[in-house]
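Below is one structure, written out as structure tokens, with a few remarks after it.
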Amino acid sequence: MWRRSMWRRSIAVGVTAAALFGLGGAFGAAPGAWVAEPAYAQGDPLVRSIEQAQTRLRDVPGDWTTWAALGGAYVERARITGDPGYYTRAEGALRESLRLHPAGPPADGTATGADTGSGNHGALTGLGALANARHDFAQAERLARQAIAINPFSADAYGVLTDALTQLGRPAAATEAAQRMLDLRPGLPALSRAAYDLEQHGRVDEARTLWTQALATAIAPADLAFVHHQLGDLAWHGGDLAAARAAYQAGLAADAGYLPLRHGVARVDAASGRTAEALAGYAALTAASPTPSLLVEYALLLRSLGRAADADAQLALAQAALDLLTAGGGGDNLAAAELALARGDHATAVRLATDEWRRRKHTDVADTLAWALHQAGRSAEALPLARAAAALGARSALHAYHLGMIELALGDRAAARRDLARAMDLNPHFSPVDAPAAASALASAGAR
């Protein structure tokens, strides 16, 4: 099931730690949180900053602002590497910041607009980003609002709030928070959230315009890579393989180590029939960042090529990755439901997606629950959810395919033709498994 890029979905964590938290210098580390990075990561600016911070905190262990900054850096490192162990380190750093400088609001109940010692809004913001990363979006919203109560001019806290509200399925409130962030600090983190918000509402051309504006202001290699990745994803989801590859390659020219770009290239390779290159790309990606969603995506590609045993091995690794995420204090029912669907365990997928739907009304959750119900033979129950997934206006070939297949199962051939055709028009390459199925179903439902 190739839905939106796993890297794109993790925007809730942030763009880069330096951008998200306004960090320009040293980071610190929590007690017991020092970690040596592998040799291949030593040239990474984020890694260098973490190492500089560790040196700083050895000299000044009471620097509570640096502890808070490190927490954000570790959350970002977890996003990049897929290693949930960084979540534990992040929490240690952030809790140490709060121990040194509590987070309570001003005694008179007012906020000054800048942290003058009355509260630790930076640590609260970092904990909110961590909660988003762990998919505890309700907690992330609470922490972000607490940070904003201390400092109502914190763009970073509004970024965390935007991400939480987006994932909780409250689009109007998310748009308002994103606009507030833009008003406070119209830089790349705010532009990225505004662009994603536009895309979620189906306003793709406007989103592309914002990303193009962001590209004109990006200077750092990591920022250039990030923006090229988003432009590549827009092209990919619009079915333009040539434009997607060009954007991904431009990003790699800026930062050859940026894994999301390599993920984009691997998807384009698979869709272009460059099977050997795609398999090599996925093998390298899953070795470097063994996240559940990426492993499931790799497994589906292998299955589409008739390599069932290899696909099953990747699904087993995805389950292990989910177990590690849970052990690290996180959880991802949506990824777990997608894994269950890939394994053909439809009852478990329904249970997991239902639990997630109770927690948040995001369109991806509605779509996954609808598809799980359909696969479990409960298409009538699935239909309202599949329609809800499309209601916001996001241009998703996968959502359109699922809706069309559910309509076809219920005998509404006209609606099925419309939505299956929409899926193929949006992106005829959207999945190595589902795109061929959509084409076949469309043919069986009648001529386009």
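Give the residue that is farthest from the chain's Cα centre (by Cα), with candidates limited to residues of region 238-275 that are within 22 Å of Ile80 (Cβ to Cβ) and in contact (Cβ under 8 Å) with a residue 60 or more places away in the chain. Within region 238-275, the match that is farthest from the chain's Cα centre (by Cα) is Gly257.
Of the residues Ala195, Ala174, Ala216, which is part of a helix (DSSP H, G or I) and under 15 Å from the mean Cα position of the chain (by Cα)? After applying the criteria, what remains is Ala195. Scan region 409-418 for residues that are open to solvent by 40 Å² or more (accessible area, probe 1.4 Å), part of a helix (DSSP H, G or I) and hydrophobic (A, V, I, L, M, F, W, C) and the total you get is 2.
The residues of region 28-71 that are at pLDDT 85 or above and either on the phi > 0 side of the Ramachandran plot or outside any helix (DSSP H, G or I) (or both), listed by number, are Val60, Pro61, Gly62, Asp63. Of everything in region 143-156 that is free of Cβ contacts under 8 Å to residues at least 60 places away in the same chain and under 24 Å from Gly85 (Cα atoms), the residue that is surrounded by the most Cβ atoms within 10 Å (Cβ to Cβ) is Ala144.
On inspection, His362 qualifies as of a type outside the set (Val, Ile, Thr), under 21 Å from Glu199 (Cβ atoms) and in contact (Cβ under 8 Å) with a residue 40 or more places away in the chain.
Given the condition open to solvent by 40 Å² or more (accessible area, probe 1.4 Å), at pLDDT below 95 and touching a Gly at 6+ places or on another chain (Cβ under 9 Å), answer yes or no: does some residue in region 237-245 qualify? Checked region 237-245: no residue is open to solvent by 40 Å² or more (accessible area, probe 1.4 Å), at pLDDT below 95 and touching a Gly at 6+ places or on another chain (Cβ under 9 Å). Step by step: first the residues of region 326-376, then only those that are at pLDDT 95 or above, among the acidic types (Asp, Glu) and within 26 Å of Gln139 (Cα to Cα), then the one that is farthest from the chain's Cα centre (by Cα). Which residue is that? Selected residue: Asp355. When you scan region 419-436, do you find a residue that is β-branched (Val, Ile, Thr) and part of a helix (DSSP H, G or I), even just one? No: zero hits.
Can you confirm whether Asp205 is assigned to a helix (DSSP H, G or I) and over 23 Å from Ala266 (Cβ atoms)? Yes.
Checking each residue in region 349-405 for being open to solvent by 20 Å² or more (accessible area, probe 1.4 Å) and of a type in the set (Asp, Glu) picks out Asp355, Glu381. If you go through region 247-256 one residue at a time, do you hit one that is open to solvent by less than 20 Å² (accessible area, probe 1.4 Å), more than 25 Å from His201 (Cα to Cα) and assigned to a helix (DSSP H, G or I)? There is at least one residue in region 247-256 that is open to solvent by less than 20 Å² (accessible area, probe 1.4 Å), more than 25 Å from His201 (Cα to Cα) and assigned to a helix (DSSP H, G or I). When restricted to residues that are over 10 Å from Gly202 (Cα atoms) and within 18 Å of the chain's Cα centre (by Cα), region 381-396 contains 1.
The values are calculated or read from the model by the stated rules, or taken from the named source; none is laboratory data. What you see is a predicted model, and the numbers here were worked out from it, not measured in a lab. Ideal geometry is used to build each Cβ from the backbone, glycine not excepted, and the neighbour counts take in all protein chains shown. Calculation scope for accessible area: heavy atoms of the full protein, side chains included, ligands and nucleic acids excluded. Shrake-Rupley method; radii C 1.70, N 1.55, O 1.52, S 1.80 Å.
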